[in-house]
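The values are calculated or read from the model by the stated rules, or taken from the named source; none is laboratory data. Small disclaimer: the values here were computed from a predicted structure and weren't measured. Every residue, glycine among them, receives a Cβ derived from its backbone with ideal geometry; neighbour counts consider all protein chains shown. Accessible surface is based on the protein model in full, side chains and every heavy atom, while ligands, DNA and RNA are left aside. Shrake-Rupley method; radii C 1.70, N 1.55, O 1.52, S 1.80 Å.
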Amino acid sequence: MDTSTIAASGPDVRSLVKEVRVAAVPGDVWAAWTSTEGIASWWGPAASNIELRIGGPFEILFSLEPPEGQRGSEGCRILSYVPGESLSFTWNAPPHLPLRSTNTWVALTFSAAGPDETLVRMVHTGFLDGPDWDDYMAYFDNAWAYVLGLLHDHWDGDISGD
């Protein structure tokens, strides 16, 4: 797997951390993130291509109208997973940001938080310093809050996320 698009290395990277509780067991929430059908059930993108294997695609297309390469997370790959517990994947900036071709990565964990309840912890990391990186990070600070809200609402829980 080519990781040359990941600029960050070592411990001196910046991260976004988001958490949400959902009214479902960890295995069900994990399954909702790890397949094309699962993502479609709650996120509802225009299309997606997810193959649960190391190096497999983790591509979520938000629109099919732009030219190829500007539709979503094209080229992103699964880095690791533990069935029912965790998933990590590369991630890219939206096409309007200068760092579009530079990847960061996202690590998700799914932990029981009570009967039929899961704490989803998301760490989006690999952000470096500088104005373009600040824009990249700020975009996803808002975007991931929205996405985790969709995940929460899918199970119609009454628990709010951060």
Practice item. Give the number of residues within the range 114-136 that are within 13 Å of the chain's Cα centre (by Cα) and of a type in the set (A, V, I, L, M, F, W, C). Key: 3
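Of all residues in the range 1-39, how many are open to solvent by less than 60 Å² (accessible area, probe 1.4 Å) and part of a helix (DSSP H, G or I)?
Within the range 1-39, residues that are open to solvent by less than 60 Å² (accessible area, probe 1.4 Å) and part of a helix (DSSP H, G or I) number 10.
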Review point. Is there any pair linking a residue in the range 67-82 that is in contact (Cβ under 8 Å) with a residue 24 or more places away in the chain to one that is in a loop (DSSP other than H, G, I, E, B) and not polar (S, T, N, Q), with Cβ under 6 Å and at least six apart or on different chains, and which?
Key: Gln70/Pro95; Gly72/Phe62; Arg77/Met1; Arg77/Gly55; Ile78/Gly56
Point to revise | Enumerated strands (runs of 3 or more DSSP E) restricted to the range 54-121, each holding at least 3 residues that are touching a Leu at 6+ places or on another chain (Cβ under 7 Å), modelled with pLDDT of 95 or more and open to solvent by less than 60 Å² (accessible area, probe 1.4 Å) | key: 86-91
Review point. Restricting the search to the range 83-124, which residues are free of Cβ contacts under 8 Å to residues at least 60 places away in the same chain, in contact with a strand residue (DSSP E or B) (Cβ under 6 Å, 6 or more places away or on another chain) and aliphatic (A, V, I, L, M)?
Key: Leu87, Val106, Ala107
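Considering the range 40-53 alone, what residues qualify as being under 15 Å from Leu150 (Cβ atoms) and buried (at least 18 other Cβ atoms within 10 Å of the Cβ)?
Of all residues in the range 40-53, those under 15 Å from Leu150 (Cβ atoms) come to 40-46, 48.
Once the filter is applied, which keeps residues that are under 15 Å from Leu150 (Cβ atoms) and buried (at least 18 other Cβ atoms within 10 Å of the Cβ), the range 40-53 yields only Ser48.
When the residues of the range 125-146 are filtered to those that are out of contact with any Phe, Trp or Tyr (no Cβ under 7 Å at 6 or more places or on another chain) and outside any helix (DSSP H, G or I), which remaining residue is surrounded by the most Cβ atoms within 10 Å (Cβ to Cβ)?
Filtering the range 125-146 down to residues out of contact with any Phe, Trp or Tyr (no Cβ under 7 Å at 6 or more places or on another chain) leaves 128-132, 134-135, 138-146.
Applying the additional criterion that residues be outside any helix (DSSP H, G or I) yields 128-130.
Working: Leu128: 18, Asp129: 10, Gly130: 10.
If we take residues in the range 125-146 being out of contact with any Phe, Trp or Tyr (no Cβ under 7 Å at 6 or more places or on another chain) and outside any helix (DSSP H, G or I), then Leu128 is surrounded by the most Cβ atoms within 10 Å (Cβ to Cβ).
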